[in-house]
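The values are calculated or read from the model by the stated rules, or taken from the named source; none is laboratory data. Every value quoted in this text rests on a predicted model; they were computed, and no experiment measured them. So basically every Cβ, Gly included, is an ideal-geometry build from the backbone, and we count neighbours across all protein chains shown.
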Amino acid sequence: MLEEHFDLQEELQVQFFGKHWDTKIPSHRIVCAILAEVGKFLEELSNWKWWTAKAVHREEALLKLVNIWHFYITFFLKAGSCSPSLVVEEFRRGLLSPPESDPSLCIKTFAWEVLQLELLHTDFSRPVYFLGRTLSALGFSEAQFDHLYKTKLQSWSLPQFSKKSF
């Protein structure tokens, strides 16, 4: 399931930006996109905003996780530093770990790890463990995440790509 996301994301990047898409998008802009989506994710959970009474929107938070995953895969593909299977393995390890009661803590740890990754060029598989934990804390499965990723990918794609069946 998740392993094929890397090929699908590569195909999407090539369709939008051409064969050498990785030379056209600076890494720091991808990291900024990831962090912006982390902020949007936290907005959907609202538990950090003590001054508002906004309800938690789990489904909207899941959509933000899909966006984060999309940008993370793009970041990973640009760097090309390890196998996608290692990244997916860490994601699953996080998903299957004992549930965390606070998804916002998991996503903030993920964001911290991404910042370290950009600055220190550390292990690419490490941050996704916390992404998996976040998904687990929200009570969603890998299959639900996979389906939503592919659905969103189709909506982002060029017409000829969106005809591809998943």
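Side notes on the structure shown:
- Taken over region 83-106, the criterion of being under 19 Å from Phe6 (Cα atoms) and in contact with a helix residue (DSSP H, G or I) (Cβ under 8 Å, 6 or more places away or on another chain) is satisfied by Pro84, Ser85, Val87, Val88, Glu90, Phe91, Arg92, Arg93, Gly94, Leu95.
- The helices (runs of 4 or more DSSP H) falling completely within region 13-97 that include 3 or more residues that are of a type outside the set (S, T, N, Q) and within 15 Å of Arg126 (Cβ to Cβ) map to 58-79, 84-96.
- Taking each residue of region 106-122 that is assigned to a helix (DSSP H, G or I) and at pLDDT below 80 and looking for partners that are hydroxyl-bearing (Ser, Thr, Tyr) and surrounded by fewer than 18 Cβ atoms within 10 Å (Cβ to Cβ) with beta-carbon atoms closer than 8 Å, six or more apart or interchain, yields Glu118/Ser27.
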